[in-house]
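The structure appears below as structure tokens.
The values are calculated or read from the model by the stated rules, or taken from the named source; none is laboratory data. Just so you know, these numbers come straight off a predicted model, no measurement behind them. Cβ coordinates were reconstructed from backbone atoms using ideal geometry, including for glycine residues, and neighbour counts include every protein chain displayed.
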Amino acid sequence: MQLPQELYDELRRLAAGFLRYERRDHTLQATALLHEVILKLQSRLSSTQLSRRDLVAASAEAMRRILVDHARSRNRLKRTGQTQASRGDVDLLGIATRDGRSHDLLDLHAALTDLSEVDAESARVVELRFFAGLSVEETATTMGISPRSAARLWAFARAWLYDRLTRAD
Amino acid sequence: MDTDPADRAAKLREVAAGDIKLERRLADLLRAFEASNTFLDHPILSLSPLLHEAVPMESVGETIDRFQLVTPIGSGSFSVVWLANQLAPMRREVALKIVKPGLDVRTIAQRFDTERDVLARLEHPNISRIYDAGIHRSGRPYFVMELVRGESITRFVSAHGLCPGDMASLMIDVCSAVSFAHARGLVHRDLKPANILVQFIDGKPTPKLIDFGIARILTPDRAGTHTLGVIPAGTPAYMSPEQATFGDVDARADVYSLGVVLLELLTGDAMSHDRSDRAIHAAMAAKSLGGDWAVVVQRAIAADSADRYATPEQFAADLQQIIGGGKPLARRRSSRSIRRIAVAFAAAILCGVIVWMLVSRGTSVVTTPSDIAWPVPVSMKQLWRIQPEGNAGWWSIEIDAEARRAFAVSSTRELLEIDINTGDVVRTIHAEVGGDMRLAVRVALSTDMQRLIMVDESPDRLDQRLLVFDRAGNLISRFNLAGATYAICPLDAGATKVAVSTLDGSRTYVAVYDVTSGRRIAMTPAWNSTFAPVYLVAHPDGNSLYTISPAGEIVRISASTGKVIATLGHADPSTAVLRLLDDHRFALTGHYGATIFDVTTQSPIIRLSSPHKTIGAMLDIDDTIQLSTVDHRITRYSVTTAAPIASLDLGGDLTQVEFPHHVPGTSSFLVASQDGSLRLMSPEANASDKRPVPLGQ
């Protein structure tokens, strides 16, 4: 399935600023992230027409994968350049946890993977809320659950991840 | 959830029913629940627009609250502006700006609430008022503003043929409005001609700023809320370097934008994103208007905000001086210390030298004419394509045309040797070195094609090394490198010396190594930056190189001392591409074109412009220069006229094409794409290159 142009434009606009933080690798310029999302989507979509719901769900998952892949390949820089080399994801969770330790995307990814073992549904909620930026209501619609359940799962997931990340080492 | 700790403890005990471990775990989670109420609140991106079938758009005649939409009068990337009728309590025409779908609506509404008072008090004759704001039924915020019936300052100035003095007067009014807002804690952050409207009021051209405070509401502060998904506020061409890189933005960011606007008025040329153009433009303006203009503009658009006018008033004061025939402060430097005077003096001399270079060589700079017809592109066909499994892009590509070989580092971190004729991967080079699995980082070929240089790193990415092979694949030399390598560049034909750009901690530098001994021969002083130079270009003398420093200076560096021999100008290190074309020319690619420099005189000799963002330049057969652009086209320009003579279209199914590599001596290009594929493409019309098109894998 080809993504409709306006959808593409919209995604492009949303992703535009993202990789400014990681501009130093020329293979990953501003819109690269988005291209990858679309590419991964396209390979999944095959010929069947997917609903927007499925499309967003697929985007959220693709986004998480891509970001984690990038964070991994970026790790080299972070280790040698200490905290400044990849400003973007170093600050990502550090602001929110306020415990003096910076967490990066890979920490979150690992914790989220663990969470999906405990409760796959809450992990899915985090994917949609954090990696696709959906509201609680939109998350509920996408997952086919009630907004109340989505809110509950979100609260649980957030507490669980927070606990995991602030307690680790 | 119970808030009384005692109640809660009792409840927990009840739920856990004697399971101490469970009880403790629940207590932990509850604590985390309370502490985590803002955790992960700022998503990386918002894909919600994808979810909604068609977001209800506003339409003509629609009434939003007390306002009836009449006709759309403008559109930006974040919003659409409507002419609207206010129906109550009074009837008047207003401008209604409604945010496009996709922004974080809640945060915008909150920010508007906190700034409402400031905006309401922003009453200045040169600032359009913000009357009201609200939320459209689709959930998108809108702003109601005073309707300004003016033209953008650039259009006004050219339509009415204003002289430089009049332009300066307009800018002085603009500066006063901007200062007024600054005094109330508001930085505009998106000053550009489209936001400075000019109309005749009582026969006098009067500028009016629109959108004050809105850029700030639509986009978060650095210190506050943004995480990763933020698009910087503002318009790239007018944005200060610190704003573009998410640095700390203050009043001086607006000064910068005003400086660019003035430069645009003076030269009559729309500014491209390419900051390197600006120094040239400023110099051009100086040539026709007198040095003071250039000094003032250059002070306003200094890359480092510390070198800029601290406030718009200072900028205005200097403009006033010029109009009145006095010496601008930027020239007088009376308040500076001796040292600062010396530095400024040196800078002025340098500026003078650039101006002199342009003036004395002005006639020899060939520039793409503005009224040319762009050639109809010839479509390209794919000769082969490979796509290694798991590959998501290419880190580094080198071509040996004579041997019909390409060397490419994939994102899976393997160095592949590829047969250009067939697209077959002949071998994977990292597997043949040492016992451990190393990851490839960069590859380069010496100019005599006899040496293959590669940088690889350990799987934990903690140590890197440089390896040199002969073309039979024998390892000739191997030594460790410090830090993380960004670029490598053999300096002489046989690659006995290699320059490496390195990020080490929070410092970056370029070092030159003797390949045989692995000894570091020279090193530049370290730049305090985490952005190491991405392009290193060997000078044909074999003992120096060009690069763009993290500070944005195009410099020539001695390979024996590491010292800067010459500074050629400025370029944005995050977007400019430096390429050597041949023994006597190198190209600096900006956003919309390229400047070709002469290696001997180090001055620009050709300026090529292109209608699309340019991602690379290369020399082609018959002494033409090719620029490749983001719209997947390659355009050939004549060196003598700087006019485009032919264009190739790589086709639309490619995603995010990297710089296409011309295969010398053929009409083919090696095209790397972000989808992880590598393709050989050739013009459709070319019959000599017909070969079967095997699909890789």
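Output the number of the condition that B:Ala303 fails; it satisfies all remaining conditions of (1) farther than 25 Å from B:Gly165 by Cβ; (2) outside any helix (DSSP H, G or I); (3) at pLDDT below 60.
The number of the failed condition is (3).
So which strands (runs of 3 or more DSSP E) stay within segment B:463-550 end to end and still have 2 or more residues that are more than 14 Å from B:Thr561 (Cα to Cα) and touching a residue at least 24 places away in the same chain (Cβ under 8 Å)?
Per the criteria, B:464-470, B:475-481, B:484-490, B:497-504, B:536-538, B:544-548.
For segment B:41-88, enumerate the residues that are part of a strand (DSSP E or B), closer than 29 Å to A:Glu138 by Cα and either at pLDDT 75 or above or at the interface with chain A (Cβ under 9 Å from one of its Cβ atoms) (or both).
Passing the criteria: B:Thr63, B:Ile64, B:Val80, B:Val81.
Out of the residues in segment B:632-650 meeting the condition of being closer than 17 Å to B:Gln382 by Cα and not in a strand (DSSP E or B), tell me which one is farthest from the chain's Cα centre (by Cα). Talk me through it step by step, then tell me what you get.
Start the filter on segment B:632-650 by keeping residues that are closer than 17 Å to B:Gln382 by Cα, which leaves B:632-634, B:647-650.
This time we only want the ones that are not in a strand (DSSP E or B), so: B:632, B:650.
Details: B:His632: 19, B:Leu650: 24 Å.
Result: B:Leu650.
Does at least one position in segment B:178-201 carry a residue that is outside any helix (DSSP H, G or I), over 29 Å from the mean Cα position of the chain (by Cα) and buried (at least 19 other Cβ atoms within 10 Å of the Cβ)?
Yes, the conditions are met somewhere in segment B:178-201.
Kindly indicate whether B:Ala499 is buried (at least 23 other Cβ atoms within 10 Å of the Cβ) and of a type outside the set (D, E, K, R).
Working: buried (at least 23 other Cβ atoms within 10 Å of the Cβ): yes; of a type outside the set (D, E, K, R): yes.
Yes, satisfied.
Quick one: which residue in A:Arg74, A:Arg79, A:Arg164, A:Arg152 is part of a helix (DSSP H, G or I), surrounded by fewer than 17 Cβ atoms within 10 Å (Cβ to Cβ) and modelled with pLDDT under 90?
A:Arg79
Give the residues of segment B:23-40 that are part of a helix (DSSP H, G or I), within 14 Å of another protein chain (Cβ to nearest Cβ) and not basic (Lys, Arg), sorted by residue number.
Scanning segment B:23-40 gives B:Leu26, B:Ala27, B:Asp28, B:Leu29, B:Leu30, B:Ala32, B:Phe33, B:Glu34, B:Ala35.
Quick check on my filter: what residues within segment B:603-624 are within 23 Å of the chain's Cα centre (by Cα) and modelled with pLDDT of 75 or more?
B:Pro604, B:Ile606, B:Arg607, B:Leu608, B:Ser609, B:Ser610
Which residue, of B:Met437, B:Met454, is within 22 Å of B:Asn391 (Cβ to Cβ), out of contact with any strand residue (DSSP E or B) (no Cβ under 9 Å at 6 or more places or on another chain) and either in a strand (DSSP E or B) or modelled with pLDDT under 85 (or both)?
It is B:Met437.
What are the residues in segment B:369-412 that are outside the structural domain of B:Tyr637 (by TED's automatic domain parsing) and at positive phi, if any?
none
Taking the stated definitions as given, is B:Asp400 more than 23 Å from B:His632 (Cβ to Cβ) and more than 29 Å from the chain's Cα centre (by Cα)?
Yes.
Return yes when B:Arg438 is in the same structural domain as B:Glu402 (by TED's automatic domain parsing) and over 29 Å from B:His584 (Cβ atoms) and no when it is not. Steps first, answer last, please.
On the way: in the same structural domain as B:Glu402 (by TED's automatic domain parsing): yes; over 29 Å from B:His584 (Cβ atoms): yes.
It is true that B:Arg438 is in the same structural domain as B:Glu402 (by TED's automatic domain parsing) and over 29 Å from B:His584 (Cβ atoms).
Considering (1) surrounded by fewer than 23 Cβ atoms within 10 Å (Cβ to Cβ); (2) touching a residue at least 40 places away in the same chain (Cβ under 8 Å); (3) closer than 19 Å to A:Arg64 by Cβ, say which one A:Thr141 fails and leave the rest.
The failed condition is (3).
Pick out the one residue from A:Glu117, A:Glu127, A:Glu121 that is surrounded by fewer than 19 Cβ atoms within 10 Å (Cβ to Cβ), in a helix (DSSP H, G or I) and touching a residue at least 12 places away in the same chain (Cβ under 8 Å).
Details: A:Glu117 fails: touching a residue at least 12 places away in the same chain (Cβ under 8 Å); A:Glu127 fails: surrounded by fewer than 19 Cβ atoms within 10 Å (Cβ to Cβ).
Just a single option satisfies the conditions, and that option is A:Glu121.
Which ones in segment B:157-168 are surrounded by fewer than 18 Cβ atoms within 10 Å (Cβ to Cβ) and part of a helix (DSSP H, G or I)?
Start the filter on segment B:157-168 by keeping residues that are surrounded by fewer than 18 Cβ atoms within 10 Å (Cβ to Cβ), which leaves B:158-161, B:163, B:165-166.
Passing the criteria: B:Ser158, B:Ala159, B:Gly165, B:Asp166.
Go through segment A:130-169 and give me each residue that's of a type in the set (Gly, Ala, Ser), within 11 Å of chain B (Cβ to nearest Cβ) and farther than 16 Å from A:Leu115 by Cα. Give the steps one after another, and end with the answer.
To start, the set of residues in segment A:130-169 that are of a type in the set (Gly, Ala, Ser) comprises A:132-133, A:135, A:140, A:144, A:146, A:149-151, A:155, A:157, A:159, A:168.
If we keep only those that are within 11 Å of chain B (Cβ to nearest Cβ) too, we end up with A:132-133, A:135, A:155, A:157, A:159.
Result: A:Ala132, A:Gly133, A:Ser135.
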